[in-house]
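For reference, the structure discussed in these notes is given below.
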């Protein structure tokens, strides 16, 4: 019984470590895809003034899971399949804090509402911000993700050693 | 056509009207919604069309913004140039005239803001509407033709049908269609959604000046077709095209042939007898009513 409990605790510790690693990885991937989306959007709008739904369809191919889901949800909102309220509530940006979430949602909700020059300016400003966040999240992922995995693994092992 | 433009709630009411007969819908901020069918105006109510203004629905800010957003396909930047010109052309050739406030940068109009009225005009493709006038447009070869009409009298519909007829009857003319406002062929993603026949090259969203100069060189047309010529630059372009040996089919806003004499810059066109045929249209018996056909000397030859 004791060994079973200790094993559970060990598995929990390792799971927590992996979950934290996933958190940093998701943030890194999301911001990288978001920055790339901004770059592509800027190009499409500058050169061909492509419609937003076309731009999104072209971007869907190169995204990781979280951004892909988010972009598909946004596309559904754009074409009128879901309301703005549903888009915001189902966006599933749990790996971002409140301020970051609001920043991203505001950016997307205002996308496509301005004349060309203003739209490009707005995208450029946000793109710089997302680039900073992308770099920061990459550094955090590099620094903390494996650290936390090892930390919780060691914690789990320590608990085994102490109690067994 | 209307599903992409109007929100669901509004569509339910619109479906109570004879959608296939509507010429125009006017949405003015905080004013009653007006629908025009065959030059008669009606109010739109919850139960459909009515003459009773008390029952009329009001166009609020949300409706106007929603329609505008849908018309721009959520991409206002893609329509910046059109908005600056005071209109948007959507899928299906629907032209939406805009009323609002101008935003200037120094002396240049940048855009419109606070859009407060939408004039939604629905194109009606009427196959065969030019049949009665086609014989007058030829004398051994196609004659340079000018369609004269006030706004809303069917000149774009007639021009479209003439272009289609020129292909269908196998005249084998290469036609360059200069569709500056996307109204004649209404190209969507490069494909024309309205029938302009098999012998037509289309330049959409491009100024007449550019299209005439470069289109003649690159596409070698036999006939250049354009809509709503106005101003000296357009007249100059027409003159140049004619001097290059390319036939011209165009339209102009005017009441009748006499009005042409008072249009600034048009004298050179009349003096050089660029056009051999003038077709005058009106809405007297509905849009597309042919009032008269005139020759190069402005003499009436029929109607």
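Checked against (1) under 26 Å from residue B:301 (Cβ atoms); (2) in contact (Cβ under 8 Å) with a residue 40 or more places away in the chain, residue B:182 passes all but condition (1).
Check the range B:56-70 and report whether any residue there is in contact with a helix residue (DSSP H, G or I) (Cβ under 9 Å, 6 or more places away or on another chain), free of Cβ contacts under 8 Å to residues at least 12 places away in the same chain and surrounded by 14 or more Cβ atoms within 10 Å (Cβ to Cβ). Yes, the range B:56-70 contains a residue that is in contact with a helix residue (DSSP H, G or I) (Cβ under 9 Å, 6 or more places away or on another chain), free of Cβ contacts under 8 Å to residues at least 12 places away in the same chain and surrounded by 14 or more Cβ atoms within 10 Å (Cβ to Cβ).
Regarding the range B:115-130, can at least one residue be identified that is part of a strand (DSSP E or B), within 11 Å of chain A (Cβ to nearest Cβ) and over 18 Å from the mean Cα position of the chain (by Cα)? No: zero hits.
With respect to residue A:91, determine if the residue is away from every other protein chain (no Cβ under 14 Å) and under 17 Å from the mean Cα position of the chain (by Cα).
Numbers: away from every other protein chain (no Cβ under 14 Å): yes; under 17 Å from the mean Cα position of the chain (by Cα): yes.
Here the answer is yes, as residue A:91 does meet what is asked.
Filtering B:90, B:36 for residues that are in contact with a helix residue (DSSP H, G or I) (Cβ under 6 Å, 6 or more places away or on another chain) and either surrounded by 15 or more Cβ atoms within 10 Å (Cβ to Cβ) or outside the structural domain of residue B:108 (by TED's automatic domain parsing) (or both) leaves a single hit, B:90.
Out of B:109, B:137, B:166, B:143, which single residue is in contact with a strand residue (DSSP E or B) (Cβ under 7 Å, 6 or more places away or on another chain) and within 14 Å of chain A (Cβ to nearest Cβ)?
Result: B:109 is the single residue among B:109, B:137, B:166, B:143 that is in contact with a strand residue (DSSP E or B) (Cβ under 7 Å, 6 or more places away or on another chain) and within 14 Å of chain A (Cβ to nearest Cβ).
Could you tell me which of the residues A:113, A:126 is touching a helix residue (DSSP H, G or I) at 6+ places or on another chain (Cβ under 8 Å), more than 14 Å from chain B (Cβ to nearest Cβ) and either surrounded by 17 or more Cβ atoms within 10 Å (Cβ to Cβ) or assigned to a loop (DSSP other than H, G, I, E, B) (or both)? Unique residue meeting the criteria: A:126.
Restricting attention to the range B:59-76, the residues that are within 14 Å of chain A (Cβ to nearest Cβ) and in a strand (DSSP E or B) add up to 0. For the range B:184-202, the tally of residues that are modelled with pLDDT of 85 or more and in contact with a strand residue (DSSP E or B) (Cβ under 7 Å, 6 or more places away or on another chain) stands at 8. Test residue A:35 against the stated conditions and say whether it is surrounded by 13 or more Cβ atoms within 10 Å (Cβ to Cβ) and part of a helix (DSSP H, G or I). Yes; evaluated as a whole, the condition is true for this residue. From the list A:146, A:137, which one is in contact (Cβ under 8 Å) with a residue 60 or more places away in the chain, within 26 Å of residue A:13 (Cα to Cα) and surrounded by 18 or more Cβ atoms within 10 Å (Cβ to Cβ)? Every option except A:137 fails the conditions. Residue count for the range A:81-110 under the criterion of being surrounded by 15 or more Cβ atoms within 10 Å (Cβ to Cβ) and over 27 Å from residue A:141 (Cα atoms): the result is 2. Scanning the range B:77-93 for residues that are part of a helix (DSSP H, G or I) and within 14 Å of chain A (Cβ to nearest Cβ) yields a total of 9.
Kindly check whether there is at least one residue in the range B:281-295 that is at pLDDT below 90 and more than 27 Å from residue B:128 (Cα to Cα). Within the range B:281-295, none of the residues are at pLDDT below 90 and more than 27 Å from residue B:128 (Cα to Cα).
May I ask you to list the residues in the range B:1-58 that are part of a loop (DSSP other than H, G, I, E, B), under 25 Å from the mean Cα position of the chain (by Cα) and within 30 Å of residue A:53 (Cβ to Cβ)?
Result: B:1, B:2, B:3, B:4, B:5, B:6, B:17, B:33.
Apart from one condition, residue A:55 fits all of (1) more than 10 Å from chain B (Cβ to nearest Cβ); (2) touching a helix residue (DSSP H, G or I) at 6+ places or on another chain (Cβ under 6 Å); (3) farther than 15 Å from residue A:109 by Cβ; the exception is (1). Contact map, the range B:36-54: residues that are closer than 15 Å to residue B:285 by Cα paired with residues that are outside any strand (DSSP E or B), Cβ distance under 6 Å, separation 6+ or inter-chain. Pairs shown: B:37/B:21; B:39/B:283.
The values are calculated or read from the model by the stated rules, or taken from the named source; none is laboratory data. Please read these numbers as outputs of a predicted model, since none were measured by experiment. Because the Cβ atoms are built from the backbone with ideal geometry, glycine has one as well, and the counts that use them run over all protein chains shown.
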